[in-house]
Amino acid sequence: MVDQKLKNRALHRAKIIRGQLNGLVKAIEKEVYCLELLGQSLSIQRSIKSLDAFLLENHLRTHVKHQMRHGG
């Protein structure tokens, strides 16, 4: 079970993270200044936390709700 609205938001967030990560890889290859790399890395970590929130919300709204209704 998946909440389609949450699925779309999670997919969007995951694609953003993929873009951020690709940008970080390129920056590392270009030997960008360390503090800028750290800033990019922290941004990716915040994006992953946001994705985690979408995934947890979906789990609570679908699986947990279903289990509670059906005595699981």
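The values are calculated or read from the model by the stated rules, or taken from the named source; none is laboratory data. What you see is a predicted model; the values in this text were computed from it and never measured. With ideal geometry, Cβ positions are generated from the backbone for all residues, glycine too; neighbour counts draw on all protein chains shown. With ligands, DNA and RNA removed, areas are computed over all heavy atoms of the protein, side chains included. Shrake-Rupley method; radii C 1.70, N 1.55, O 1.52, S 1.80 Å.
Some values worked out for this structure:
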read-out	value
Residue satisfying all of: in region 60-72; of a type in the set (A, V, I, L, M) and open to solvent by 80 Å² or more (accessible area, probe 1.4 Å); farthest from Asp3 (Cα to Cα) among these	Met68
Scan of region 4-46 for residues that are within 9 Å of the chain's Cα centre (by Cα) and without any contact (Cβ under 8 Å) to a residue 24 or more places away in the chain, ordered by number	Leu11, His12, Lys15, Gln45, Arg46
For Val32: the one exception among (1) surrounded by 13 or more Cβ atoms within 10 Å (Cβ to Cβ); (2) in a helix (DSSP H, G or I)	(2)
Residues of region 27-65 satisfying the condition of being more than 15 Å from His12 (Cβ to Cβ), touching a Leu at 6+ places or on another chain (Cβ under 8 Å) and not hydrophobic (A, V, I, L, M, F, W, C)	Gln40, Ser41, Arg61
Odd one out for Ser41 among (1) open to solvent by 80 Å² or more (accessible area, probe 1.4 Å); (2) assigned to a helix (DSSP H, G or I)	(1)
Residue tally, condition surrounded by 11 or more Cβ atoms within 10 Å (Cβ to Cβ) and free of Cβ contacts under 8 Å to residues at least 24 places away in the same chain, over region 47-59	4
